[in-house]
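What follows is a short report on a single structure.
The values are calculated or read from the model by the stated rules, or taken from the named source; none is laboratory data. Note that this is a predicted model, so its numbers are computed, not measured. FYI the Cβ positions are ideal-geometry reconstructions off the backbone, even for glycines, and counts take in every protein chain you see.
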Amino acid sequence: MTRPDAPTEQAWAMIETERRRDRFIRRVCVAAWTATFVVALLFAVFIAVPVVNMIRMAQVGAVPWSAAFGAAMPFLGVLWTLTLLVAALSTVGVFLRQRTASLAEIQLRLAALEEMLGSRGDALPTRE
């Protein structure tokens, strides 16, 4: 036989499990984004060296300015892609977390309401 407070305990256990999962996902996310930005920074440094050389050559007229700007295009492509990825993933993550949190909160409120009604069962007026 189940205890009267079992639904509430189950709801709290589910919420705690979700919180632990959230913390783990947050740590993994922070580590992954940190690594991503470190790699992007290294890529920027590797691209900056040829771009600076092309700018110097364009200043003396050895190459056209479009060549200097063209040397920076690979980094701009990576930066654009990274920005789009961050925007899309963060938007999806926000919507998913809001939905999960809302459902867990609704379940907890329903369990609390059930417990309250169960404990006041004889005090409620009945219609006859």
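Structure notes:
- Residue among T36, T81, T17, T91 that alone is in contact with a helix residue (DSSP H, G or I) (Cβ under 8 Å, 6 or more places away or on another chain) and among the hydroxyl-bearing types (S, T, Y): T36
- The conditions of being of a type in the set (K, R), closer than 30 Å to A13 by Cβ, in a helix (DSSP H, G or I) and in contact (Cβ under 8 Å) with a residue 40 or more places away in the chain are not met by R27.
- When L103 is tested against the conditions (1) free of Cβ contacts under 8 Å to residues at least 24 places away in the same chain; (2) surrounded by 13 or more Cβ atoms within 10 Å (Cβ to Cβ); (3) not acidic (D, E), the lone failure is (2).
- Residue check, A40 in a helix (DSSP H, G or I) and under 30 Å from L117 (Cβ atoms): no
- Cβ-Cβ under 9 Å pairs, at least 6 apart or on other chains, segment 79-93 side within 21 Å of V45 (Cα to Cα) and surrounded by 10 or more Cβ atoms within 10 Å (Cβ to Cβ), far side modelled with pLDDT of 85 or more and aliphatic (A, V, I, L, M): L79/A40; L79/A44; L82/A40
- Qualifying positions in segment 86-104 - among the hydroxyl-bearing types (S, T, Y) and either over 15 Å from I25 (Cα atoms) or in contact with a Gly (Cβ under 7 Å, 6 or more places away or on another chain) (or both): T91, S102
- Within segment 110-128, residues that are under 19 Å from W12 (Cα atoms) sit with their Cβ atoms under 9 Å from residues that are part of a helix (DSSP H, G or I) and at pLDDT 80 or above, at 6+ positions apart or across chains, in these pairs: A111/E9; A111/Q10; A111/W12.
- Some residue of segment 90-109 being small (G, A, S), at pLDDT below 80 and assigned to a loop (DSSP other than H, G, I, E, B): no
- Residue in segment 25-73 that is nearest to S90 (Cα to Cα), counting only those that are exposed (fewer than 13 other Cβ atoms within 10 Å of the Cβ), small (G, A, S) and over 24 Å from the mean Cα position of the chain (by Cα): S66
- T81 among the polar types (S, T, N, Q) and within 23 Å of L103 (Cα to Cα): no
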